[in-house]
Amino acid sequence: MRRPDWPLLAERAAALLYPRRCPFCGAVLGPDVRQGNLCPDCRKEESRLAHEPPRLPGTEHTFYALSGALAAYYYSGAVREAILLCKRGGRPWYARELADCMAVRIWGAVPAQRPGERPANELFRAMPLYHCIVPVPPHQTWAGVPGLPLLLARRLGILFQIPVVQGLRTARGTTQQKALTRAERAQNARRAYAARPGLDLGGKRVLLVDDVITTGATVSACALALLGAGAVDVTAAAVAVSEELPKEKRPFREKEQ
Ligand SMILES: [Zn+2]
């Protein structure tokens, strides 16, 4: 007999109390339509903002210590709003939907067929790409609410059935990245993250998860710390990346004259 899938049962029970909502507009997802984890109205906007392919170009970011960086979307429009609602809009549960979108957009999982179901990726289960998931640690957390990277990591851990390791910490006395220039960010980030004492990632391939990748300084510094703890390979993945939208994806296409 198969063992009951407790996290899935808990999810279903929670879905009865707190219906799943489209992360881009907040609409309740119907119980029966085959709409996956976003509402039909947001489909077009979701595909407009998709980062295709998900691999980020090294030319626009400063990556080191990483074997690759991936993002599902451009940090713009509805995606940006959904991320901000998760982070400080009091709707942390949108993180589950955003993580599901990452699984579909980045790793080609088959979208959930109904609310309450999970995206599935048989290939991934047969041959795991990573041994564990490490979230980028937050600089500050609101009382009791885990940071968005941790929420995303937990959901991806459930989807891919690999453990989440909170292996990084922020070093004291570092400034928040967004107040700094690009060069300052790289300098500041290099010493801003450290592996937790005793962390042993010997021989492991690690998926590092963040909400938004901007310059690449944060994920690179985290990767460096993870390599220092024995990881053999670190790949970063985020919901979105701050890159200029390609012309064809801009909302109002400029007229060519
Ligand atoms: Zn929607």
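Every residue, every condition in (1) under 18 Å from R80 (Cβ atoms); (2) small (G, A, S); (3) out of contact with any strand residue (DSSP E or B) (no Cβ under 6 Å at 6 or more places or on another chain); (4) at pLDDT 75 or above, yes or no:
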position	(1), (2), (3), (4)
A10	no, yes, yes, yes
Y18	no, no, yes, no
V28	no, no, no, yes
V33	no, no, yes, no
E46	yes, no, yes, yes
P53	no, no, yes, yes
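Among the residues of the stretch 33-85, the one identified as of a type in the set (V, I, T), in contact (Cβ under 8 Å) with a residue 60 or more places away in the chain and more than 15 Å from the ligand (Cβ to nearest atom) is T62. Taking the stretch 31-63 as the range and being surrounded by fewer than 16 Cβ atoms within 10 Å (Cβ to Cβ) and touching a Lys or Arg at 6+ places or on another chain (Cβ under 9 Å) as the test, the residues that pass are P31, D32, V33, R34, E52, T62. With respect to being in contact with a Gly (Cβ under 7 Å, 6 or more places away or on another chain) and free of Cβ contacts under 8 Å to residues at least 60 places away in the same chain, P197 falls outside the description. Figure legend. Inter-residue proximity from the stretch 1-26: first residues within 13 Å of N37 (Cβ to Cβ), second residues modelled with pLDDT of 80 or more and charged (D, E, K, R), beta-carbon distance below 6 Å, spacing 6+ or different chains. Indicated pairs: P23/E97. The combined condition, being of a type in the set (K, R), more than 13 Å from the ligand (Cβ to nearest atom) and within 18 Å of L159 (Cα to Cα), is not fulfilled by R20. I'm checking my understanding of the structure. Among residues of the stretch 200-257 that are in a helix (DSSP H, G or I) and without any contact (Cβ under 8 Å) to a residue 24 or more places away in the chain, which one is surrounded by the most Cβ atoms within 10 Å (Cβ to Cβ)? Taking the candidates together, the pick is K247.
The values are calculated or read from the model by the stated rules, or taken from the named source; none is laboratory data. These numbers were taken from a predicted model, which means no experiment stands behind them. Glycine also receives a Cβ, built like all others from the backbone with ideal geometry; neighbour counts cover every protein chain displayed.
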